[in-house]
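Report on the following structure.
The values are calculated or read from the model by the stated rules, or taken from the named source; none is laboratory data. Everything numeric in this text was worked out from a predicted model, so none of it was measured. All Cβ positions, glycine included, derive from the backbone under ideal geometry; neighbour counts span all protein chains shown.
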Amino acid sequence: MNICMVGTGYVGLVTGACFAEKGNRVCCVDINRDVIKNLESGVVPLYEPGLDEMVSRNSRRGTLRFTCDIASGLRDADMCFIAVGTPSSEGGGTELKYVYAVADDIASALDRDCIVVVKSTVPVGTCGEVLDRVTSGLAERGLAGVRVEVVSNPEFLKEGSAVEDFFKPDRVVVGVASERARSAMFDLYSPFVEGDKIIFMDIASSEITKYACNAMLAARISFINEIALLCDVAGADVLSVKAGMSLDPRIGGHFLNAGCGYGGSCFPKDIQALDQTGRAMGLEMKMAAATSLVNERQKKILGSMIVDRFGKNLKGLKIAVLGLAFKPNTDDMRYAPSIPLIDTLLRCGAGAIAVDPAARGVAAKILPRCVEYADTAFEATRDADAAVLVTEWEEFLKVDWSECGERMRRKILFDGRNAYSPSDLRALGFEYYCIGRGCVVGGEG
Ligand SMILES: NC(=O)c1ccc[n+]([C@@H]2O[C@H](COP(=O)([O-])OP(=O)(O)OC[C@H]3O[C@@H](n4cnc5c(N)ncnc54)[C@H](O)[C@@H]3O)[C@@H](O)[C@H]2O)c1
């Protein structure tokens, strides 16, 4: 199959490279010239395990190419995927201008039958609008005979394991309006997944499915975080509560880890968007609204814990921040809990020294210049008054706190991911704070 992939970010690049790997001919299109220039010269501009090799292998064998010119991408395309960003708009809804700009670009460049596949996460009704734009644009060009249809195919890959997720999806959700589209999508995905895991449905249901999944996962996180707050005031342990919940097969243990809140490019914006979509249709989405509210409170928790411990004036303190990305194995810092934490530290006068295995380059562009960076947790914690674990990268889970503690000005650790054992830290003489475990352990606290 010849595929044009418009939008070459996390989703578009991974999807394009994986389709190419299975023998399709893929042309990735992006308006960002730097992205395309980098990719043409073999530089993958984002961090995703396994992606570099796949991009270079397929570029070499000619199954993957890159361009800024959508007309070139569409020349032989049987399918055109739209995988551009759909960030939050100012009112908290979904900014669809990038999706519609691509629809208009397709309308002005397409001259052959094509299936347009919307992979971006979009509110219900958007695929219909994309179809209207493309067909009316073609009609204006006197090309009403060109057959176009729109398919909804939301993406469920997770940053950090995106390539693996794409090769082994739990399921593929496809919203179609015709047998022709259904059969083309089945052929495209059957090399990746058994046929019965390709779930066909109407387009509106497919659009809603993506939001429903993200809202359910985010709700579980906010739910356990709220339980963690109760555990803290009641002197209970949220890990025990989780253990007691998760063996119930109706509940399970996934997405029940209390921490410093969810971030990333999807959950925060998608939950807000669901709330807005409901409102626009006259329906109050109370679960979505509550999920966001609880998360906003939770993202401030590390800052509050530090202020509670040291007071509002943090002048002269040096705080080591372990982890900047919103989760391990990615450099994505969109809506990351590290951002409000660092904001609080700086506002209260502390010095922040941050370490992250992948997100340092991204951080340097978005965090204030006064933030310092270290290469390792060992280096970051030298002379620090406290360390804060924000992202549970593997290398931070293996930190030797005995060694780090010797070089810290004060042995104080705030664990935003409940990654360490309170008794181990106590044995090392640390004052240890965590989430929902009812405890300040050890030290003066
Ligand atoms: N990142 C994830 O983990 C993830 C997972 C599932 C779904 N999604 C959804 O997938 C979509 C894409 O997300 P992403 O994280 O890949 O975004 P991204 O910001 O990483 O990439 C989007 C790309 O689209 C390009 N672009 C914008 N307008 C364009 C245009 N008119 N023509 C060509 N290129 C254009 C941008 O330059 C950018 O490179 C979003 O709707 C997102 O919600 C993301």
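When the residues of the range 409-425 are filtered to those that are buried (at least 17 other Cβ atoms within 10 Å of the Cβ) and in contact (Cβ under 8 Å) with a residue 40 or more places away in the chain, the one that is farthest from N295 (Cα to Cα) is I412. Taking S89 as the residue in question, decide whether it is at pLDDT 95 or above, more than 9 Å from the ligand (Cβ to nearest atom), surrounded by fewer than 16 Cβ atoms within 10 Å (Cβ to Cβ) and over 20 Å from I203 (Cβ atoms). Taking the combined requirement at face value, the residue does not satisfy it. Out of everything in the range 166-184 that is among the β-branched types (V, I, T) and within 24 Å of E21 (Cβ to Cβ), what residue ends up being farthest from the ligand (Cβ to nearest atom)? The selected residue is V174. The number of residues in the range 66-118 being under 22 Å from V174 (Cβ atoms) and acidic (D, E) comes to 2. Is there a residue being farther than 29 Å from S161 by Cβ, of a type in the set (A, V, I, L, M, F, W, C) and crowded, with 19+ Cβ neighbours inside 10 Å anywhere in the range 290-307? Taking every residue of the range 290-307 in turn, at least one turns out to be farther than 29 Å from S161 by Cβ, of a type in the set (A, V, I, L, M, F, W, C) and crowded, with 19+ Cβ neighbours inside 10 Å. Residues that are more than 25 Å from the chain's Cα centre (by Cα) and in a loop (DSSP other than H, G, I, E, B) within the range 236-253 comprise A236, D237, L247, D248, P249, R250, listed in sequence order. If you go through the range 127-151 and pick out every residue that is farther than 12 Å from D104 by Cβ, of a type in the set (A, V, I, L, M, F, W, C) and in a helix (DSSP H, G or I), you end up with 3. Filtered by the rule that a residue be assigned to a helix (DSSP H, G or I) and surrounded by fewer than 20 Cβ atoms within 10 Å (Cβ to Cβ), the range 277-289 gives G278, R279, A280, K286, M287, A289. The residues on offer are A77, A103, and the sole one that is in a helix (DSSP H, G or I), on the phi < 0 side of the Ramachandran plot, more than 9 Å from the ligand (Cβ to nearest atom) and modelled with pLDDT of 95 or more is A103. Could you list all residues from the range 202-235 that are at pLDDT 95 or above, more than 29 Å from V176 (Cα to Cα) and either among the polar types (S, T, N, Q) or not in a helix (DSSP H, G or I) (or both)? Listed by number, the residues that qualify are S222, N225.
If only residues of the range 114-165 that are among the hydrophobic types (A, V, I, L, M, F, W, C) and under 15 Å from the mean Cα position of the chain (by Cα) are counted, the one that is farthest from the ligand (Cβ to nearest atom) is V163.
The C-beta contact set for the range 149-162 (first residue closer than 23 Å to P49 by Cβ and in contact (Cβ under 8 Å) with a residue 40 or more places away in the chain, second residue more than 6 Å from the ligand (Cβ to nearest atom) and acidic (D, E), distance under 8 angstrom, 6+ apart or interchain) comprises P154/E207; F156/D165; F156/D170; L157/D165; E159/E48; E159/D332; G160/E48; A162/E48. With the structure loaded, tell me whether T391 is in contact (Cβ under 8 Å) with a residue 60 or more places away in the chain and not acidic (D, E) or whether it fails that test. When the stated conditions are applied, T391 passes them. Pairing residues of the range 84-105 that are farther than 16 Å from G9 by Cα and touching a residue at least 24 places away in the same chain (Cβ under 8 Å) with residues that are among the polar types (S, T, N, Q) and assigned to a loop (DSSP other than H, G, I, E, B), at Cβ distances under 6 Å and at least 6 apart in sequence or on separate chains, gives T94/T86. Each residue in the range 27-72 was checked for being crowded, with 17+ Cβ neighbours inside 10 Å and not in a loop (DSSP other than H, G, I, E, B), and 16 of them qualify. Checked against (1) within 16 Å of the ligand (Cβ to nearest atom); (2) closer than 30 Å to G278 by Cα; (3) surrounded by 14 or more Cβ atoms within 10 Å (Cβ to Cβ); (4) not assigned by TED's automatic domain parsing to the domain that holds I271, A215 meets all criteria but (4).
Here is the figure for the range 166-190: residues that are over 23 Å from the mean Cα position of the chain (by Cα), in a loop (DSSP other than H, G, I, E, B) and surrounded by fewer than 17 Cβ atoms within 10 Å (Cβ to Cβ) total 3.
In the range 50-74, the residue that is nearest to the ligand (Cβ to nearest atom) out of those that are over 16 Å from I36 (Cβ atoms) and among the small types (G, A, S) is G50. Residues of the range 254-275 that are in a loop (DSSP other than H, G, I, E, B) and closer than 15 Å to M216 by Cβ: H254, F255, L256, Y262, C266.
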